[in-house]
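Visitor: Pasting a structure here, questions to come.
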Amino acid sequence: MMKNNPWSLIKRAGKGFDSERIDPKSKFDFFWAVSKNGKYQFFIEHTHLEDWPTKKIILAGIDIQQFQTSTGFRLALSLSETNDWDIFYILCEDLLQASDNSQEEKGMLNIVYNRLLRWQKLFRKLGKKLLSDMEQQGLIGELYFLKNYLLTSFSDTEALSFWRGPFGEQQDFGLGKTAIEVKSKQGTSAPYIQISSIDQLDSQLEYCFLYVITLNSAPHAIHEAFSLNKIIEDIKSSMNDANDIDIFENLLSEVGYMNLPEYSEKNYLISNESVFEIKDGFPRLLAQDIPTGITSIQYKIEIKECKPFTITMEDFRNRIENE
């Protein structure tokens, strides 16, 4: 749940900027601040400008500057529009959490810089646009598969390396000789699945599976229900290595996800899982069947026509684990 606006709690003197140290117990000097003209700011006071990389970071709607002070230097992030404080707050909290385990200033500044690079990439990719409902459900399907089939059978590092969807590859997951395409559908939707390209069910690997998960909307009160934010937090909580968490967050940024409260509003329950083996006879289009000159095709497959290719979940899991 989003906290209260920390900038609104700062007592204003009206002379220059007003600030409040975020954590008096921290070894580093982080501040919430409000400028004379009312702009929301985030300060990091430090002593060595040479520890900050020279390559400029550009974030839409956020100005990033270094200033010399009487005791050293100040890294200042200033928000252009105060109405966007919730996203700015999430960014600042991300910087605080990422640098929490730093032991010295140089390491802290390096972490902050790298996190800002990630936010720069995310802002360029997504801007302030939320993922659509369909995109959220698609991401939930991939995360559910990652959480329940790969992270339970492989090391975190291995499992994350199998997730290829964020990079726009043909299938969502690839491990060994096996490709897995994940599709999410709403329980109330028509009984078909959308195929978005010719290559999606035309894998170059030896084995290919189509994993279909059915999501039903659910009220928050149901214990088993989960949101996009919740499943992501569950996955991060299961990881012990900070490097793996960092890899996971990079993958999420590739798909345009940022931790926004809107992604906690819709909750889902899993009502059904099905797995189909893609092989000769499966209802699909192949590149070899497409007339020359056609480069992009989307089509739908009726799920009932996939039934003869169903394999059990137990068999599916065993085949994954034996890769």
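The values are calculated or read from the model by the stated rules, or taken from the named source; none is laboratory data. All of these numbers come straight from a predicted model, not from anything done at the bench. Here Cβ is always computed from backbone atoms with ideal geometry, including for glycine, and neighbour counts include all displayed protein chains.
Visitor: Given the options TYR144, TYR149, name the one that is of a type outside the set (S, T, N, Q) and either over 15 Å from the mean Cα position of the chain (by Cα) or at pLDDT below 95 (or both).
Guide: Just one listed residue meets the conditions, TYR149.
Visitor: Another one. From ILE180, ILE222, ILE213, ILE231, grab the single residue that is surrounded by 21 or more Cβ atoms within 10 Å (Cβ to Cβ) and more than 18 Å from GLU321 (Cα to Cα).
Guide: ILE213
Visitor: Look at LYS3 and say whether it is under 24 Å from the mean Cα position of the chain (by Cα), at pLDDT below 90, loosely packed, with under 14 Cβ neighbours inside 10 Å and of a type outside the set (Val, Ile, Thr). Before the answer, list the steps.
Guide: Details: under 24 Å from the mean Cα position of the chain (by Cα): yes; at pLDDT below 90: yes; loosely packed, with under 14 Cβ neighbours inside 10 Å: yes; of a type outside the set (Val, Ile, Thr): yes.
Spelling it out, LYS3 is indeed under 24 Å from the mean Cα position of the chain (by Cα), at pLDDT below 90, loosely packed, with under 14 Cβ neighbours inside 10 Å and of a type outside the set (Val, Ile, Thr).
A quick yes/no check of all residues on (1) assigned to a helix (DSSP H, G or I); (2) at pLDDT below 95:
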residue	(1), (2)
ASN272	no, yes
PRO283	no, no
PRO291	no, yes
CYS306	yes, no
ASN318	yes, yes
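Visitor: I've got another one for you. Given the conditions (1) in contact with a Lys or Arg (Cβ under 9 Å, 6 or more places away or on another chain); (2) at positive phi, report the number of the one that GLN171 does not fulfil.
Guide: The number of the failed condition is (2).
Visitor: Return a yes/no flag: does segment 242-264 have any residue that is out of contact with any Ser or Thr (no Cβ under 9 Å at 6 or more places or on another chain) and under 24 Å from ARG319 (Cα atoms). Full working, then the answer.
Guide: Of all residues in segment 242-264, those out of contact with any Ser or Thr (no Cβ under 9 Å at 6 or more places or on another chain) come to 242, 245-246, 248-262.
Narrowing further to those that are under 24 Å from ARG319 (Cα atoms): none.
No; the residues of segment 242-264 include none that is out of contact with any Ser or Thr (no Cβ under 9 Å at 6 or more places or on another chain) and under 24 Å from ARG319 (Cα atoms).
Visitor: Name the one entry in LEU79, LEU131 that is closer than 24 Å to PRO6 by Cα, hydrophobic (A, V, I, L, M, F, W, C) and in contact with a helix residue (DSSP H, G or I) (Cβ under 8 Å, 6 or more places away or on another chain).
Guide: Details: LEU131 fails: closer than 24 Å to PRO6 by Cα.
When all the criteria are applied, what remains is LEU79.
Visitor: Moving to a separate point now. So which of LYS129, LYS125 ends up being outside any helix (DSSP H, G or I), within 15 Å of the chain's Cα centre (by Cα), within 21 Å of GLU262 (Cβ to Cβ) and of a type in the set (D, E, K, R)?
Guide: LYS129
Visitor: Does GLN137 qualify as being in a loop (DSSP other than H, G, I, E, B) and either of a type in the set (Phe, Trp, Tyr) or not assigned by TED's automatic domain parsing to the domain that holds TRP85 (or both)? Spell out how you get there, then give the answer.
Guide: Numbers: in a loop (DSSP other than H, G, I, E, B): no; either of a type in the set (Phe, Trp, Tyr) or not assigned by TED's automatic domain parsing to the domain that holds TRP85 (or both): yes.
Spelling it out, it is not the case that GLN137 is in a loop (DSSP other than H, G, I, E, B) and either of a type in the set (Phe, Trp, Tyr) or not assigned by TED's automatic domain parsing to the domain that holds TRP85 (or both).
Visitor: Check every one of the strands (runs of 3 or more DSSP E) wholly within segment 146-211 and list those with 2 or more residues that are farther than 25 Å from ILE290 by Cβ.
Guide: Ranges flagged: 178-186.
Visitor: While we're here: Can you say whether ASP94 is out of contact with any Leu (no Cβ under 8 Å at 6 or more places or on another chain), not in a loop (DSSP other than H, G, I, E, B) and not assigned by TED's automatic domain parsing to the domain that holds ASN267, as far as the supplied structure shows?
Guide: Criteria met by ASP94.
Visitor: Here is a further query. Return the residues of segment 100-128 that are of a type outside the set (A, V, I, L, M), surrounded by fewer than 16 Cβ atoms within 10 Å (Cβ to Cβ) and modelled with pLDDT under 90; say none if nothing qualifies.
Guide: ASP100, ASN101, GLN103, LYS121, ARG124, LYS125, GLY127, LYS128
Visitor: Look at segment 156-172 and say how many of its residues are under 16 Å from SER196 (Cβ atoms) and under 16 Å from the mean Cα position of the chain (by Cα).
Guide: 6
Visitor: Picking from ILE62, ILE44, which residue would you name as being surrounded by 11 or more Cβ atoms within 10 Å (Cβ to Cβ), within 21 Å of GLY107 (Cβ to Cβ) and either under 27 Å from the mean Cα position of the chain (by Cα) or of a type in the set (A, V, I, L, M) (or both)? Lay out the reasoning, then the answer.
Guide: On the way: ILE62 fails: within 21 Å of GLY107 (Cβ to Cβ).
Only one candidate passes the filter, namely ILE44.
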